[in-house]
Amino acid sequence: MADEKLYELTDEHRAQLKPWAEKWIANALSTKPMDDEDRAEMDKAVEGLYQAADLEPPANIVYSPGPVTSACASCFASAVWWLRENPEEEVKLFGRALTDDELRMAVLVACGHVAEAVKRLAHPDE
């Protein structure tokens, strides 16, 4: 049974290999920033993955401008979550408990959303 061929590529299929390979290589190497359409597709994909795993999807999905920013932001977000669960450590580190607004501001900056953070600092009531 192991030697039995289940499928064989046709000439039509072989002709499609190079264009498909070029398309997906270009996609993988693309440095184009995500746009709203990309984010909407990613939201659907994340939801689908969680559904397939029979898990509750995340309440929030955070996007950042690039992989280095993502790495920094994810580390920073982990620290924020840890501080929220260990407020006594927050006081040891900063001399006082941080407000939710201060934590949100830190996450915005860490995620590369400096313009949004500056806007919120300039207009905190908006």
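All of the numbers you see were taken from the coordinates with simple rules; none came from a lab. What you see is a predicted model; the values in this text were computed from it and never measured. Virtual Cβ from ideal backbone geometry, glycine too; neighbours counted across all protein chains shown.
Brief remarks on what is shown
- Considering only Cα atoms, the convex hull volume of the chain works out to 214 Å³ per residue.
- For D3 and A40, the difference between the fully extended length at 0.36 nm per residue and the C-alpha to C-alpha distance is 8.9 nm.
- Two-site label geometry, D101 and Q16: point separation in nm, points 7 Å out along Cα→Cβ: 5.7 nm
- Förster radius 30 Å - calculated FRET efficiency between N60 and D125 (Cβ-Cβ, nearest 0.05): 0.85
- Span-rule helices in the chain, defined as complete DSSP H runs reaching 20 Å or more along the axis (Cα) with Kyte mean at least 0.5: 67-85
- Order of V91, V80 under a 10 Å beta carbon neighbour criterion, fewest first: V91, V80
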